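> Pasting a structure here, questions to come.
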Amino acid sequence: PLAKGTQKVGVSAKLSAAIPEKFAAATIQVQAKDASGSKLLCLQVNTKPQSDVAEVAEVANAAEAEESTALVVSSSEPLVGAGVVGAGVLALTWSDCGDADTHAKVSALTPSSLTLGQETDIVGVGDLDEEVQDGTYTLSVHASIISKTFSGKLGEKSTFELPLGIGSLSWEIGRAHV
């Protein structure tokens, strides 16, 4: 059972280091319902190459600007080294995709990035407005040509292998650690 109040939702992700960073953009959506079908949770996590969110450094003063040559790299092309096997870092952004009828509201998600080839615990925190005895969840992954949905029972930790050997996702709700 899940108690009313603050809850943690954990998805542990391990994506293969063999995936070129520029192809690792994905959307992961977690939805949960109680035994009667009422909406409990909707969390969407998006990944994209960290190089797509790279910032251009500012020149300290005008004199330096006149003496230096600036190179601007378009974000549609990977930066040097971005896409090299084992070098990929993905930025994580998230949103609570629930509506007014959803019983849990997600208020935070950490961390803000993951490294390809390493297991990363992604933890969302939110408030549940009622006690829940039983329910189910779906975890959907959409990335490039991959579209896969997994499901299970609340309170049971599950690990799902992604197609083509690109990695795995583990899911757990109501625990501090995944």
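The values are calculated or read from the model by the stated rules, or taken from the named source; none is laboratory data. Note that the structure is predicted; figures quoted are calculated from it, not measured. Because the Cβ atoms are built from the backbone with ideal geometry, glycine has one as well, and the counts that use them run over all protein chains shown. Calculation scope for accessible area: heavy atoms of the full protein, side chains included, ligands and nucleic acids excluded. Shrake-Rupley method; radii C 1.70, N 1.55, O 1.52, S 1.80 Å.
> So what's the net charge close to G37: Lys and Arg +1, Asp and Glu -1, counting the other residues with Cβ under 15 Å from its Cβ? Walk me through the numbers before you get to the answer.
Values: positive: K33, K39, K153; negative: D34, D99, D101, E130, D134.
Residues close to G37 contribute a combined charge of -2.
> Separate question: How do 34-40, 134-140 rank on mean C-beta neighbours within 10 Å, highest first?
Details: 34-40: 14.4, 134-140: 17.0.
Most protected by this proxy first, the peptides run 134-140, 34-40.
> Here's another thing I want to ask about it. Convex hull over the Cα atoms of region 89-140, averaged projected area in nm²?
On the way: hull surface 18.9 nm².
One quarter of the hull surface, i.e. the mean projection, equals 4.7 nm².
> Any chance you could run the full-extension gain for I146 through C97? It's 0.36 nm times the residue separation minus the Cα-Cα distance, nm to one decimal.
Between I146 and C97, full extension yields an extra 15.5 nm.
> Another question, then. May I ask you to list the GluC sites (Glu not before Pro) in region 102-153 that are in a DSSP loop and have at most 16 other Cβ atoms within 10 Å of their Cβ? Walk me through the numbers before you get to the answer.
Details: sites: E119, E130, E131; in loops: E130, E131.
Listed in order of number, the matching sites are E130, E131.
> Rounded to the nearest Å, what's the spacing between the alpha carbon centres of region 4-41 and region 96-131? Just the number, please.
Spelled out, the Cα-based centre of one part sits 8 Å from the other.
> Right, next: Could you order C97, C42 by accessible surface area, starting with the largest, using a probe radius of 1.4 Å?
Details: C97 50, C42 10 Å².
So, going from the largest accessible area down, we get C97, C42.
> So how much accessible area does I122 have, in Å² to the nearest 10, using a 1.4 Å probe?
10
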